[in-house]
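First comes the structure, then the notes that go with it.
The values are calculated or read from the model by the stated rules, or taken from the named source; none is laboratory data. This structure is a prediction, so every number in the text was calculated from the model and none was measured. Here the Cβ positions follow ideal geometry from the backbone for every residue, glycine too, while neighbour counts run over all protein chains shown.
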Amino acid sequence: MNLPKIETPKYELTIPSTGKKVTYRPFLVKEEKILLIAQESEDESSLIRAMKEIIASCTFDEVNAGGITSFDLEYIFVKIRAKSVGEESEIGLPCSACGEINQVTVNLDDIKIPEVKPLPKKIQLTDTVGIIPRYVSVDSLIEISKATNEGETVVKTIAASIESIYDENNVYPMEEASASDTAEFVESLNKSHIEKIEKIVSSAPLVQQTVHFTCTKCGEKNTTVLEGLQNFF
């Protein structure tokens, strides 16, 4: 028996890091099930993998969901979620004066990504050695989330922020380096080198929205900037 098919609406968004326009649809029951299972697991890497899978499906595979940046992932997912479960979301925010949790309605369509500033083409570490930086990708984010201690997290985060290493003679793409060689290079960096690379990590924008509300308990007028995906679930 051929059952009737329901037409799914299509929308358009712009990927923040590239400016490329892509078509997307709301997520369906099958994708919502994937997300719920990942949320119930309370495992960060599972949630990121679920979001990656949903983005790939809902953008008709126009988006390489593993290769985009972490802030692209956040922005695209919020846009898909807004069209899937409604533009408005209720979240609990504490009053800055008395700490009372207030239920505030946030319009997900108003969420923005700050201007994505181009990264420097090169960062010189020594007279002869430097790196070509990049924003951390979704696949790298999944690997970082698997780290078992803070030291491993730092090494993986620094490595994920490097596209290539260069010296006077060659350019060495990080994708071609072994895990042991990558760890050895990162662990050979001094504090000054790490600080230069950490600026790249900290410069990555986050989805954000400024929210104004008046506390229901004390009447204090609050202004809160919500940043990061976790604030919009």
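Brief remarks follow.
- Helices (runs of 4 or more DSSP H) contained in segment 1-102 and holding at least 2 residues buried (at least 18 other Cβ atoms within 10 Å of the Cβ) and not aliphatic (A, V, I, L, M): 44-58, 70-85
- Filtered by the rule that a residue be under 20 Å from the mean Cα position of the chain (by Cα) and part of a loop (DSSP other than H, G, I, E, B), segment 190-228 gives 204, 205, 206, 207, 228.
- Some residue of segment 131-149 being basic (Lys, Arg) and surrounded by fewer than 19 Cβ atoms within 10 Å (Cβ to Cβ): yes
- When residues of segment 103-125 are limited to those that are assigned to a loop (DSSP other than H, G, I, E, B) and basic (Lys, Arg), the one surrounded by the fewest Cβ atoms within 10 Å (Cβ to Cβ): 121
- The set of residues in segment 19-59 that are within 23 Å of residue 143 (Cα to Cα) and in contact with a strand residue (DSSP E or B) (Cβ under 9 Å, 6 or more places away or on another chain) contains only 55.
- Any hit, segment 172-192, residues being within 30 Å of residue 112 (Cβ to Cβ), modelled with pLDDT of 90 or more, surrounded by 15 or more Cβ atoms within 10 Å (Cβ to Cβ) and touching a helix residue (DSSP H, G or I) at 6+ places or on another chain (Cβ under 8 Å): no
- Within segment 1-30, residues that are in the same structural domain as residue 70 (by TED's automatic domain parsing) and modelled with pLDDT under 90 have Cβ atoms under 8 Å from residues that are of a type in the set (A, V, I, L, M) and in a helix (DSSP H, G or I) in these pairs: 27/35; 27/54; 27/80, counting only partners at least 6 apart in sequence or on another chain.
- So residue 180, is it under 30 Å from residue 95 (Cβ atoms), hydroxyl-bearing (Ser, Thr, Tyr) and without any contact (Cβ under 8 Å) to a residue 24 or more places away in the chain: no
- For segment 107-141, the set of residues classified as more than 24 Å from residue 171 (Cα to Cα) and in contact with a strand residue (DSSP E or B) (Cβ under 7 Å, 6 or more places away or on another chain) consists of 107, 108, 110, 111, 112, 114, listed by residue number.
- Of all residues in segment 188-210, those that are within 23 Å of residue 77 (Cβ to Cβ) have Cβ atoms under 7 Å from Cβ atoms of residues that are among the hydroxyl-bearing types (Ser, Thr, Tyr) and surrounded by fewer than 17 Cβ atoms within 10 Å (Cβ to Cβ), 6 or more apart or on another chain, in 210/223.
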